[in-house]
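Notes for the one structure printed next.
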Amino acid sequence: MTRLIKIEDMNMDSSELDRLLLDPAQVLSANGTVAFPTETVYGLGANALSEEAVFKIYEAKGRPSDNPLIVHISKIAQLNELVLDIKPYALELMSAFWPGPITFVFRKNALVPSKVTGGLDTVAIRMPDHVIALRLIELSGVPVAAPSANLSGKPSPTKAKHVIEDLMGKVDFIIEGPDAQVGLESTVLDVTGDIPVILRPGKITVEMIAGVVGSCLVDPAITEGDVEGLAPRSPGMKYKHYAPEAEVEVVIGEASKIILAFEKAVDSAIEQNDRLGIMGFEEDLLVLEKILQTKYDLKDIKKHVFLCSHGSVKNMEEFARQLFQNLRRCDEAKCGKIIIRGVSEAGIGHAIMNRLKKAASGKVTRI
Ligand code: TXA
Ligand code: MG
C-alpha cells in the first residue's frame with residue numbers, strides 16, 4: 001500500500017514541516033521507498049547504503065539495474081562516507097552550485113553498495129535545492145539514492161500527479177509537493193579527472209561551470225548522438241528515455257517556417273483522421289490558431305489537433321519547466337504524432353534539445 005501526504009506550502013513553520021516528514025523519513029531509515037519533490041524533477045528515494053532498499057527502487061521503476069542511481073545528501077559532511085577523493089576544483093563547483101540542480105560523479109567509497117552504482121567504481125552525488133527534499137534526507141539520517149520517480153521509459157515527473165500515475169501501489173510513500181521548478185533532471189558532471197566533463201546537460205550549463213573553474217568539457221557521446229564506438233559514460237543516457245507513446249518529430253528554424261510546418265502537419269492529420277500534438281511557443285500557436293480557423297471547422301480542429309504551449313519564446317526556462325508535462329499531456333490526449341519546435345543548443349537549450357532528441361529518437365529536422 002502507498003501512503004500519500006500533501007505538503008504544498010513551502011513556507012510553513014519548520015516544526016510543522018518536521019512533523020509532516022517524520023513518517024516518510026522513518027520509512028527511508030527502515031529501508032522503504034519514498035517519492036519526494038526536488039527542484040529538478042520528483043525523485044524515488046531509498047537508503048543508499050542498503051542493497052535491499054535500493055533493490056526496491058529498481059523493482060518499482062522497472063529500471064535496468066546496470067543504470068546507476070544518484071545519491072542525495074543534505075550536508076557536505078555526508079560526502080566523507082561516500083566518496084574517495086575530491087579535487088580542489090570540485091570543491092569550488094560544489095560551493096558555487098550546491099544545493100542545486102547539478103550532480104557530481106566521484107570515485108566511490110567501499111561503503112556504497114555496487115547496486116547503487118551499477119557496478120561502476122564511481123558514485124553520483126547531489127544536494128537538491130528544495131526544503132522538503134533536504135529536510136527529508138536530514139531526518140532520515142541516511143544518504144538517499146533517488147532516480148527520477150517515473151516508470152522506466154516515461155518522461156520524468158514534474159508534478160505529484162505524474163508520480164501517482166506511475167508509482168501508486170508500487171512504493172511505500174509519495175510526498176505530494178509543489179511542481180518542479182526546473183523541470184529537467186540535473187546536470188551530471190564527472191569530477192574524477194583533471195577537467196570536469198558533462199555527462200548529462202541540465203540547468204547548470206557548460207558555460208556556467210567553465211565560468212567558475214576555467215574549463216569544462218562535454219562527453220562527445222552527448223553531442224554526437226549515437227555515433228558508433230562512442231558509448232555514453234553516463235549509462236542512463238543510452239536508454240530510450242523521456243519517450244512519449246506517440247511518434248515525435250522536432251523541427252528547428254525561423255518562426256514563419258515552423259508555423260508552416262505545423263500547418264502542413266495539421267493538414268495531413270485531418271486528411272488521415274489522426275490526432276496531432278503540437279508543441280510550440282505561445283507566439284507560434286496564436287498565429288497558427290488564426291490560420292487554422294480560416295481553413296477548418298472548430299470541431300475538426302478540436303478533434304484532430306492538441307495544442308501545447310511551452311511558454312513565451314523569450315523564456316527558455318519556462319520551456320524546460322513545461323517540456324516533460326507537455327509530453328505526458330500529448331500522450332493523455334492520445335496523439336498519434338507530436339511535432340515540437342526545438343531551440344538552439346545555447347544555455348539551457350542544450351539540455352532541452354538533449355531531452356527532445358531522445359523523445360524523438362534523433363528525428364530533428366532543420367527547416
Ligand atoms: O535531477 C535529477 O538528477 C533527478 C532528481 C530526482 O535528483 N534524478 C535523476 O536520476 O534524474 P536518474 O536516475 O533518472 O538519472 C541519473 C543519471 C543517469 O543518466 C545515470 O546513468 C547517471 O545519472 N549516473 C548515475 N551514476 C553515475 C556514475 N557513477 N557515472 C556516470 N553516470 C552516472
Ligand atoms: Mg530518470
Picking from Lys108, Lys87, the residue that is over 25 Å from Glu51 (Cα atoms) and among the charged types (D, E, K, R) would be Lys87
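Residue-by-condition table, conditions (1) surrounded by fewer than 24 Cβ atoms within 10 Å (Cβ to Cβ); (2) within 15 Å of ligand 2 (Cβ to nearest atom):
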{"position": "Asn150", "(1), (2)": "no, yes"}
{"position": "Pro155", "(1), (2)": "no, yes"}
{"position": "Lys159", "(1), (2)": "yes, no"}
{"position": "Glu165", "(1), (2)": "yes, no"}
{"position": "Lys170", "(1), (2)": "yes, no"}
{"position": "Gly177", "(1), (2)": "no, no"}
{"position": "Thr187", "(1), (2)": "no, yes"}
Find the strands (runs of 3 or more DSSP E) located wholly in segment 1-102 whose residues include 3 or more that are modelled with pLDDT of 95 or more and buried (at least 22 other Cβ atoms within 10 Å of the Cβ), and list them.
34-36, 43-47, 70-72
I'd like the residue in segment 308-329 that is without any contact (Cβ under 8 Å) to a residue 40 or more places away in the chain and crowded, with 23+ Cβ neighbours inside 10 Å and, out of all such residues, is farthest from Glu39 (Cα to Cα).
His310
For a quick check of your reading of the model, give me the residue pairs whose first member lies in segment 38-59 and is assigned by TED's automatic domain parsing to the domain that holds Trp98, whose second is among the acidic types (Asp, Glu), with beta-carbon atoms closer than 6 Å and at least 6 apart or on different chains.
Glu39/Asp129; Thr40/Glu185; Val41/Glu185
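Find the residue count for segment 177-214, including only residues that are among the aliphatic types (A, V, I, L, M) and assigned to a loop (DSSP other than H, G, I, E, B).
6
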I'd like to know if segment 55-66 contains one or more residues that are farther than 24 Å from Gly183 by Cβ, of a type in the set (Ser, Thr, Tyr) and away from ligand 1 (no atom under 15 Å from the Cβ).
no
Condition first: within 20 Å of Glu59 (Cα to Cα) and either in contact (Cβ under 8 Å) with a residue 40 or more places away in the chain or within 16 Å of ligand 2 (Cβ to nearest atom) (or both). Now tell me which residues in segment 98-119 satisfy that.
Val112, Pro113, Lys115, Val116, Thr117, Gly118, Gly119
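The values are calculated or read from the model by the stated rules, or taken from the named source; none is laboratory data. Bear in mind the structure is a predicted one, so any value in this text is a computation, not a measurement. Reconstructed Cβ throughout: ideal geometry from the backbone, glycine too, with neighbour counts over all protein chains shown.
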